[in-house]
Amino acid sequence: MLRYSLKRLLQGLVTVFFIATATFFAMHSVPGDPLASDKALTERIRANLEAKYGLDQPLMTQYGIFLGNLLQGDFGISYTQENRRVNDIIREHFPVSATLGILAIAFAGLGGVLWGALTALYRNRLPDVLIMLAVILGISVPSFVFAALGQLLLVQLNGVLGFSVLPVAGWGTVAHMLVPSLVLGLGTMAYLTRLMRSSMLEIVGSDFVRTAKSKGLSARRIFTHHQLRNAILPVVTVLGPAIAAITTGGFVVEMVFAIPGLGRYFVQAVQQLDYTVIMGTTVFYGAFLVFMVIVVDLLYGWIDPRVRLE
Amino acid sequence: MTKAPNPSGESAFNRSAARQLALFGVAIVVGLVGLMWGLNLLASLTATAGGVPPAVDVANNAITVMLTEEPPQLDSTRSTDQVSGIVLGHVMEGLLRYDDRGELAPGMAEAWRIDEGGATFHLRADARWSDGQPVTAHDFVFAWRLGLDPENASEYAFILYPIKNAEAINQGELPVTELGARALDARTLEVEFERPIAFFDKLTAFSTYFPVREDFYRATEGRFGADADQLLYNGPFALSNWVHGQSLRLDRNPHYWDQARIRLDRINVGYITSDPNTRLNLFKDEKIVMTGLTAENLTNALEQRWHIHRHMDGSVFYLDFNHREGRLTRNLNLRKAMILAQDPGELVYKVTKTPGYLPGESLFPRFLEGVQGKFRDEHPAPTYPMDLQAARAHLEAARRELGLEAFPPLVLLAGDNPVSNIQTEYFQAVFKKNLGLDIKIDRQIFKQRLAKMTSGDFDLVLAGWGPDYNDPLTYGDLYASWNLNNRGRYSNPEYDRQVRIAQGAMDAQTRVAAFAEMQRIIHEDVVIIPNYERGVAYVTHPRVKGILRRVVGADTDYTYAWIEP
């Protein structure tokens, strides 16, 4: 197990290195000038700025410097916020995105399993039809629509009631998190519901469930130990990438609800060609994604003993 | 739908499973409550605990506002953008300032004298920093040297160029100590000019001219302006808390000299988002005291029967031609044909339909002052009413002069945002329909558009300009042949001569005449096709009065606002 974990970790490091390298060269080949601004720069000031960010060096030297700093965990200074270090930006804003993401995943994972199991139990009956209809909506409607609708609903609700039930936007308390995280998790919840339903259906008719029944096990034990535990496997598999996707993909939701998450910097940096922030967020998120996949793989072995044998 | 055969016992089993699921559901709710409690703890560690106060907080004599983005740069010597300008305008003060009527008024300086050769400023005795120490003339000299120091790489260094030796210092030809600004004593600042300048008083209200105290600056070790405690304040308010990307708190600065004029005790910036609908929702929910309106949410605002205000922000937008050698747009007849084939009124009222916009007529917007009244009243801008016959005649003349069989497609460079997308489509349509000219739209992200503008990789470009200071020269010198922001490289010795006159003359009559001459040249030479002057429609909380919108300086300015009892 330990050897397997170490092997996976090493593979992960190589992956992150390739992500960093690919992003670095892709970023530098994007047309545009990161130093350009509304006011034209004099040559002298331009030269100073280039020296400050090391842009006066040949590309391969810049790459070498970047790798050296990366090893020390230093991403440099932002281009757009000239007195903030990229490390600080990640340190200050990632916890916000992570908080939002964890809550969204909790909503999505627990809700997905619950609804999925329900639909399987009530296959082709009214609850199944209703939930699956909602699932199709959840999968096909993008999160910014839900975000805008959710916010509008809150405004109407607060207006009708005459007092603030839940805040319309902002950050700081649990009340601020509820609606955004629900909105953010909705798509994943719908996806997980479908996944759970099909895997549950497969298992309800399987041999080992029939065996368990004929053994005379209680319905409760069959459900928790034989059905749920087996049906949940595919859900766990996608959970890893889903956590990464939700934590990084919160850009629109963060914008609509005025949440100071990292997603905003991730997207704006690309628009503004903020080289250091692009590199910092991409490498960080890349490492995060790789790490989550490894965690899920290890978790998988814990849930399904068959995987452990390898 | 066929039902699966239901052997006996199956339904009992399902019922039990459903009970299980119900239990599971209860467990989820309990678990989530626990999780959220934990997260709340986490959030209170990473951010300010507690919610954001309402729009109007009478008990604390405070209001809550929002910003469209995180202020990128609060180091006044390097700050360039509007959002940082809003914050700086509340927490800092220059030698002079703009007061609640928009007039230039004494700030850190209580008296001053400006003549052709230089200026002398006498600082007030009660001018203090937020730590209680006096603001001295040295603080201004230090800030200006910093602004010009090439190592500091300030993009707004040019605004200090009227001071003697400033440009040479910024080019690295002279040491910063050669700057023509000296502290005669702690309260007397003497400035020597490079050449006579008629509007130096207005410049001193600009953020690059704000003071910076040397010992504090050195102590921040390169992080000056990065956090609330990495700044020193001499304005009406002081930043007491700054959670990046989330909120700022501006508290009354007890050391500010003019306490009587400041009526609010606190300004909360509670939200930072660029989403206009979020802002409107926050306003509806009485969470913020002011919000701008866009074309999409204007009807929504009208339905609420809110009182809608309008403010012209001083920005002008236009089609800039590429005047470089070898470009077709260098041909005057082609430019004339194009300006005659379009109509800014149609663009503004029928196409973009953005609330607050006015059709463009001149490079010089309507707010600028002339000798006595407004410049544009004293010198109405000549325009080209749409005239297709004349346009086609000019196009034919251009075709002959250029020796072309037919015109190749012209490249129109533009940014990628909703308003400019509509604009480019309008021009593509009118030039095709009215002149048979093909326009190729080159839509680029902001940085790439700027890069292409600088290298001259366009025939036409959607451009705009906002004022740096309240004088027509901020627009007029844009088309001087030496100006780096003259991206089309328009060059005309007569125009340059007029710019020199406006730069050097002290008397209003001569200067305004020079600006009128520039306006005429731009019109006759069709240097640009004016599109529109930008205006903003906005709504304010009915109980909050005295919110100011400014053309230069902090826009929006809550400095002198108050809550009506």
Test A:Ala98 against the criterion of being within 14 Å of chain B (Cβ to nearest Cβ), outside any loop (DSSP other than H, G, I, E, B) and of a type outside the set (Ser, Thr, Tyr), and give yes or no.
-> yes
Hey, among B:Asp258, B:Asp201, B:Asp265, which residue is over 27 Å from B:Tyr469 (Cβ atoms) and surrounded by fewer than 24 Cβ atoms within 10 Å (Cβ to Cβ)?
-> B:Asp265
Taking the range A:22-49 and the residues there that are among the β-branched types (Val, Ile, Thr) and either crowded, with 18+ Cβ neighbours inside 10 Å or in a loop (DSSP other than H, G, I, E, B) (or both), the one that is nearest to the other protein chains (Cβ to nearest Cβ) would be A:Ile45
Residue satisfying all of: in the range A:50-64; over 30 Å from B:Asn483 (Cβ atoms) and surrounded by 13 or more Cβ atoms within 10 Å (Cβ to Cβ); farthest from the other protein chains (Cβ to nearest Cβ) among these = A:Tyr63
Taking the range B:171-192 as the search range and keeping residues that are touching a Lys or Arg at 6+ places or on another chain (Cβ under 6 Å) and among the acidic types (Asp, Glu), which one is nearest to A:Ala47 (Cα to Cα)?
-> B:Glu192
Filter the range B:348-372 for residues that are under 23 Å from the mean Cα position of the chain (by Cα) and assigned to a helix (DSSP H, G or I); the one that is modelled with the highest pLDDT is B:Val348
Output yes when any residue across the range A:269-286 is over 19 Å from the mean Cα position of the chain (by Cα), polar (S, T, N, Q) and within 11 Å of chain B (Cβ to nearest Cβ), and no when none is.
-> yes
Which residues, counting only those in the range B:208-220, are more than 14 Å from chain A (Cβ to nearest Cβ) and under 24 Å from the mean Cα position of the chain (by Cα)?
-> B:Tyr209, B:Phe210, B:Pro211
Among (1) within 11 Å of chain B (Cβ to nearest Cβ); (2) in a helix (DSSP H, G or I); (3) surrounded by fewer than 19 Cβ atoms within 10 Å (Cβ to Cβ); (4) among the hydrophobic types (A, V, I, L, M, F, W, C), the one test that A:Val113 misses | (3)
What number of residues in the range B:508-547 are over 30 Å from B:Arg305 (Cα atoms), part of a loop (DSSP other than H, G, I, E, B) and either polar (S, T, N, Q) or more than 26 Å from the chain's Cα centre (by Cα) (or both)?
-> 2
When only residues in the range B:209-230 that are outside any helix (DSSP H, G or I) and at pLDDT below 95 count, which is farthest from B:Asp100 (Cα to Cα)?
-> B:Glu221
Can you name every residue in the range B:282-292 that is at the interface with another protein chain (Cβ under 7 Å from one of its Cβ atoms) and either touching a residue at least 60 places away in the same chain (Cβ under 8 Å) or closer than 19 Å to A:Gly261 by Cβ (or both)?
-> B:Leu282, B:Lys287
Among the residues of the range B:442-497, which ones are crowded, with 17+ Cβ neighbours inside 10 Å and aliphatic (A, V, I, L, M)?
-> B:Ile445, B:Leu450, B:Ala451, B:Met453, B:Leu460, B:Val461, B:Leu462, B:Ala463, B:Leu473, B:Leu478, B:Ala480
Counted residues in the range B:181-198 being closer than 11 Å to B:Tyr161 by Cβ, of a type outside the set (Phe, Trp, Tyr) and either surrounded by 18 or more Cβ atoms within 10 Å (Cβ to Cβ) or out of contact with any Gly (no Cβ under 8 Å at 6 or more places or on another chain) (or both) come to 1
Which of the following residues is in a loop (DSSP other than H, G, I, E, B), more than 18 Å from the chain's Cα centre (by Cα), more than 10 Å from every other protein chain (Cβ to nearest Cβ) and without any contact (Cβ under 8 Å) to a residue 24 or more places away in the chain: A:Val160, A:Val145, A:Val165?
-> A:Val165
Out of B:Ser154, B:Ser130, report the one residue that is surrounded by 20 or more Cβ atoms within 10 Å (Cβ to Cβ) and within 14 Å of chain A (Cβ to nearest Cβ).
-> B:Ser154
Hey, any hits in the range B:534-545 for a residue that's of a type outside the set (S, T, N, Q), within 22 Å of B:Tyr357 (Cβ to Cβ), touching a residue at least 12 places away in the same chain (Cβ under 8 Å) and out of contact with any His (no Cβ under 8 Å at 6 or more places or on another chain)?
-> yes
Quickly run through the range A:71-95 and pick out the residues that are without any contact (Cβ under 8 Å) to a residue 40 or more places away in the chain, in a loop (DSSP other than H, G, I, E, B) and more than 9 Å from every other protein chain (Cβ to nearest Cβ).
-> A:Gln72, A:Gly73, A:Asp74
Counted residues in the range A:116-134 being polar (S, T, N, Q) and more than 8 Å from chain B (Cβ to nearest Cβ) come to 1
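Results for (1) in contact with an Asp or Glu (Cβ under 9 Å, 6 or more places away or on another chain); (2) within 14 Å of chain A (Cβ to nearest Cβ), shown as yes or no for each residue.
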{"site": "B:Gln82", "(1), (2)": "yes, yes"}
{"site": "B:Ile86", "(1), (2)": "yes, no"}
{"site": "B:Leu96", "(1), (2)": "yes, no"}
{"site": "B:Ile114", "(1), (2)": "yes, no"}
{"site": "B:Pro150", "(1), (2)": "no, yes"}
Single match in A:Arg220, A:Arg210 (criterion: over 30 Å from B:Val269 (Cβ atoms), loosely packed, with under 15 Cβ neighbours inside 10 Å, within 13 Å of chain B (Cβ to nearest Cβ) and touching a helix residue (DSSP H, G or I) at 6+ places or on another chain (Cβ under 8 Å)) = A:Arg220
Hey, among A:Gln271, A:Gln227, which residue is surrounded by fewer than 22 Cβ atoms within 10 Å (Cβ to Cβ) and not hydroxyl-bearing (Ser, Thr, Tyr)?
-> A:Gln271
Evaluate the following for A:Thr276: is it of a type in the set (S, T, N, Q) and over 17 Å from A:Ile89 (Cα atoms)?
-> no
From the list A:Leu299, A:Leu201, A:Leu239, which one is part of a helix (DSSP H, G or I), over 29 Å from A:Val16 (Cβ atoms) and touching a residue at least 60 places away in the same chain (Cβ under 8 Å)?
-> A:Leu201
The listed residue being touching a strand residue (DSSP E or B) at 6+ places or on another chain (Cβ under 8 Å), among the small types (Gly, Ala, Ser), in contact (Cβ under 8 Å) with a residue 24 or more places away in the chain and surrounded by fewer than 18 Cβ atoms within 10 Å (Cβ to Cβ), out of B:Gly107, B:Gly102 = B:Gly102
If you take the residues of the range B:221-248 that are more than 10 Å from chain A (Cβ to nearest Cβ) and surrounded by fewer than 21 Cβ atoms within 10 Å (Cβ to Cβ), which of them is farthest from the chain's Cα centre (by Cα)?
-> B:Glu221
Looking only at residues in the range B:448-491 that are polar (S, T, N, Q) and within 12 Å of chain A (Cβ to nearest Cβ), which one is nearest to B:Leu413 (Cα to Cα)?
-> B:Gln448
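The values are calculated or read from the model by the stated rules, or taken from the named source; none is laboratory data. Because the structure is predicted, anything quoted here is derived from the model rather than measured. In this analysis, Cβ positions are derived from the backbone assuming ideal geometry, glycine residues included, and neighbour counts consider all displayed protein chains.
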